Amino acid sequence: MSLNPADSAFAARLSACLPQEVLRPPEPRYLEEPRGRYRGQAGVLALPRSPEEVATLVREANAARVPVVPYGGGTGLVGGQLMPEGAAPLLISLERMAAIRAVHPSENVLIAEAGAILADVQAAAHSAKRLFPLSLASEGSARVGGVLSTNAGGVNVLRYGNARDLCLGLEAVLPNGDIWHGLTRLRKDNTGYDLRNLLIGAEGTLGIITAATLKLSPQPASCGTAVFTVRDPAAAVTLLALARDHAGEAVSAFELIHRQGLDFLSERLPQVRQPFAEAPEWSVLIELGLPRGLDAEETLAALFEAALDAGLSDDGVIAQSEAQRQALWSMREHIPEANKMIGSVSSHDISVPIGQIPEFIEQGGRVVAALGDFRINCFGHLGDGNLHYNVFPPQGQPRQAFDHLRGAIKDAVHELVAQFGGSFSAEHGVGRLKVADLERYGDPTRLAAMRAIKQALDPNGIMNPGAVLRAG
């Protein structure tokens, strides 16, 4: 079904039913994405201030068959927030809907509008002596609506889960312009189909999230952070199990780090402090959050002794202050920035069963080596099986010289992921970048069900066309 552009006539139609300050000409910053792989377009930019204004925008777009692209913080890495082709869309940014509507500390609940920045939600929870545990490198600009629409992960998934696990209810505008008032604070509500989980992870293809009821957690009384060297990825997996034996569900983060990432830091960001004089081949960053009566540093020290006795690690650094803790996390969080400065030929956000990660890394090295003399920076959230598997040109050679191999590298890595029963998109979503991968590796029955849901809720195909599912 063909769609119509958000042209001057459509803009005039919107102006007749909305306040003038809602509509603006599209600015370049809304048409760019972090990796520079897509350039978007838009006929009209709208900055609504209420769910009712969002509903009016969507209702008018649906009647005129104008495509709609929801826009959060613009930090997505798979092109879901941009529409580079087709009829120029109506771009709806939720940035003016950024209020924290309510905090209920005794219930461990916070209600935030979709435009609220993730860091502001964390701060609001902290002010109530609670924790909102979702933590991303982009948390200073990522917004609640986008975080939920992509089911974002981050470093604390091991303990607290993905964005989906941290949401109790939603307020959302469906493709026909109706508002779903689903901001429940209930933990149990077994009354039929779960529209909340349908919209979370849909990347704006089934509606626009305008607010969310979020789960909070108690703040840990004692936090501890450490970096331990490990012999190899197999030792890291064994150490993860050992850490959970020692601390149970108090293990908040367990990050695998390869020497290549630390070498990139030394080369491009030498001001970032590293814990070891000589970068180890493999290491893990561990964070614990314990309740009253337990000491995280003592638990980490005992864990290191056990790891040393088991031959899993031979060196480690346990943070002795908040400054040292922040320095260890700064090292981890700057690895993607150093990667960007080097320039990858092909980057992959993948997951495989945790027990198979060592074998995957070994086979992945051979698969990539068969295509050329590339450098691999494999790092990420070992605790939940999510690896960022990035392939870089040889030392001293430009990325552009190998762009012609990007597709072959991606296919080789994703084929291997499929053989291991993994996912080609662990936490970044599908967007427009991975639509073909979803068609190639997705279960046919699941894809048919997804298309049927899309057709039922959005028969005119206006919601973020081309994202997740290929536009018909």
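Hey, can you grab everything whose amide H is under 5 Å from the amide H of V66? Only 5+ residues off in sequence or another chain; H modelled, so Pro and N-termini drop out.
N4
With N residues in the chain, what two-decimal value do you get for its Cα radius of gyration over 2.2 N^0.38 Å? Kindly include the intermediate steps, with their values, before the conclusion.
Numbers: Rg = 22.9 Å, N = 472, 2.2 N^0.38 = 22.8 Å.
My calculation over the Cα atoms of the chain gives 1.00.
At 4 °C and 1.567 mPa s, grab the translational diffusion coefficient of the range 22-86 from Stokes-Einstein with a Kirkwood Rh over Cα pairs, rounded to a whole number in µm² per second.
So the translational diffusion coefficient is about 102 µm²/s.
Which loop-located trypsin sites (Lys or Arg not before Pro) does the range 254-326 contain, where loop means any DSSP state but H, G, I, E or B and the Cβ has at most 14 other Cβ atoms within 10 Å?
In loop regions of the range 254-326 (DSSP not H, G, I, E or B), the sparsely surrounded trypsin sites (Lys or Arg not before Pro) are R273, R292.
Please report, in debye to the nearest 20, how large the charge dipole of the chain is about its Cα centre when each Lys and Arg carries +1 at its beta carbon and each Asp and Glu carries -1 there.
Using only the charged Cβ atoms, the result is roughly 1320 debye.
Mind checking which of S347, A302, L290 is farthest towards the positive end of the range 246-376's charge dipole, using Cβ charges of +1 (Lys, Arg) and -1 (Asp, Glu) about the Cα centre?
The one lying farthest along the dipole's positive direction is S347.
Can you give the helix-only mean residue ellipticity at 222 nm for the chain, where every DSSP H stretch with n ≥ 4 adds -39500 (n - 2.57) and the sum goes over all residues, rounded to the nearest 500 deg cm²/dmol?
Counting only the DSSP helices, I get -10000 deg cm²/dmol.
Could you tell me how far the Cα centroid of the range 219-253 sits from the Cα centroid of the range 126-165, in Å?
20
Rounded to whole Å, give me the distance from the Cα center of the range 14-53 to that of the range 188-210.
For the range 14-53 versus the range 188-210, the Cα centre distance is 24 Å.
Taking the range 345-403, which trypsin sites (Lys or Arg not before Pro) meet the DSSP loop condition and have no more than 16 other C-beta atoms within 10 Å?
In loop regions of the range 345-403 (DSSP not H, G, I, E or B), there are no sparsely surrounded trypsin sites (Lys or Arg not before Pro).
Highest first, please rank the peptides 192-205, 28-41, 62-75 by the mean number of other Cβ atoms sitting within 10 Å of their residues.
Details: 192-205: 18.8, 28-41: 15.0, 62-75: 22.7.
Sorting 192-205, 28-41, 62-75 by mean packing, highest first, produces 62-75, 192-205, 28-41.
Could you tell me, in Å, what Rg and Dmax come out for the Cα atoms of the range 1-51?
12.9, 37
Where the centre of each part is set by its Cα atoms, how far does the range 401-472 sit from the range 309-351, in angstrom?
The range 401-472 and the range 309-351 have Cα centres spaced 29 Å from each other.
Using alpha-carbon pairs under 8 Å, 6+ residues apart, how would you state the relative contact order of the chain in percent? Could you put the intermediate results ahead of the total?
Numbers: 990 pairs, mean separation 74.9, N = 472.
Worked out over the chain, it gives 16 percent.
Give the cross-link partners of K215 among the lysines, using a straight C-alpha distance below 23 Å as the criterion and excluding same-chain residues fewer than 8 apart.
Once the sequence-local lysines are set aside, what remains near K215 is K129, K188.
At a Förster distance of 25 Å, what's the computed FRET efficiency of Q455 paired with D194, Cβ-Cβ distance as r, to 0.05?
Computed FRET efficiency for Q455 and D194 comes out at 0.80.
State the volume of the convex hull built on the alpha-carbon positions of the range 79-204, expressed per residue in Å³ and rounded to an integer.
About 129 Å³ per residue, rounded to a whole number.
Can you find, among V69, L405, G169, the residue farthest towards the positive end of the dipole of the chain? Put +1 on the C-beta of Lys and Arg, -1 on that of Asp and Glu.
Most positive-ward Cα: V69.
Share of the chain's accessible area from carbon and sulfur, percent, 1.4 Å?
About 50 percent, which is the carbon plus sulfur part of the accessible surface.
With +1 assigned to the C-beta of every Lys and Arg and -1 to the C-beta of every Asp and Glu, and no other charges, what is the dipole magnitude of the range 1-142 about the Cα centre in debye, to the nearest 20?
Numbers: 13 positive and 14 negative charges, 20 e Å.
It comes to approximately 100 debye.
If you restrict to DSSP beta bridges whose two residues both lie in the chain, what percentage is antiparallel, to the nearest 5? Show your work: numbers first, answer last.
On the way: 58 of 67 bridges.
Roughly 85 percent of the DSSP beta bridges within the chain come out antiparallel.
What size of dipole, in debye to the nearest 20, comes out for the range 241-348 about its Cα centre when the only charges are +1 on Lys and Arg C-beta atoms and -1 on Asp and Glu C-beta atoms? Mind showing how you got there, number by number?
On the way: 8 positive and 18 negative charges, 95 e Å.
Computed about the Cα centre, the dipole is about 460 debye.
Would you mind getting me the FRET efficiency between T184 and S321? Use the beta-carbon distance for r and R0 = 30 Å, nearest 0.05.
Here the calculated transfer efficiency is 0.15.
Excluding residues on the same chain fewer than 8 positions from K454, give the lysines whose Cα lies under 20 Å from its Cα.
Straight-line reach from K454, under 20 Å: K434.
The values are calculated or read from the model by the stated rules, or taken from the named source; none is laboratory data. In this text, all values refer to a predicted model and were calculated from it rather than measured experimentally. Cβ: placed from backbone, ideal geometry, glycine included. Neighbour counts: every protein chain shown. These area figures cover heavy atoms from the full protein model, side chains too; ligands, DNA and RNA do not enter into them. Shrake-Rupley method; radii C 1.70, N 1.55, O 1.52, S 1.80 Å.
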